[in-house]
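Enquirer: If you scroll down you'll find the structure; I have some questions about it.
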Amino acid sequence: MRFSTTEEWDEAGGVLQTMIATLMSMHLETEQKDDLLRARQLLQEAQYCLQRLGVYSQDFDPSIFFY
């Protein structure tokens, strides 16, 4: 799948934000906790990198995506 417009990137960024929020709400056993934290960290880093690349619209703000 390729994104060609900022609106498509915004929607994808919203999905990424949903994944991050889901991971933040999970409470796993001790042996899985490291993987959970690492996955969340990588998704947050990906979100940050995409914002720096400028693929999202000027109005995109992942912190208010759910509102």
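Enquirer: How large is the Kirkwood hydrodynamic radius of the chain, in angstrom, based on all distinct alpha carbon pairs?
Expert: After inverting the pairwise mean of 1/r, the radius is 12.8 Å.
Enquirer: Still on this structure: Work out from phi, with θ = phi - 60° and the Karplus expression 6.51 cos²θ - 1.76 cosθ + 1.60, the ³J(HN,Hα) of each residue of region 50-64, listed in order in whole Hz, and give x for Gly and Pro.
Expert: Coupling constants for region 50-64: 5, 5, 5, 6, x, 7, 8, 6, 4, 8, 5, 9, x, 6, 10 Hz.
Enquirer: Considering the options Ala39, Met1, Ser63, tell which one lies farthest towards the positive end of the dipole of the chain, charges being +1 on Lys and Arg and -1 on Asp and Glu at the Cβ, about the Cα centre.
Expert: Ala39
Enquirer: Let me ask something else about it. Most fluctuating residue of Gln47, Gln32, Gln17 in a GNM of the chain with Cα springs under 10 Å: which is it?
Expert: Residue with maximal mean-square fluctuation among Gln47, Gln32, Gln17: Gln32.
Enquirer: Shifting gears a bit: Going by alpha carbons, how many degrees (0 to 90, nearest 10) lie between the helix axis of 6-25 and the longest principal axis of the chain?
Expert: It is inclined by approximately 10 degrees.
Coordinate-derived values only; no laboratory data. A quick note: this is a predicted structure, and the numbers were derived from the prediction, not measured. A quick note on method: Cβ atoms are made from the backbone with ideal geometry, for glycine too, and the neighbour counts reach across all protein chains shown.
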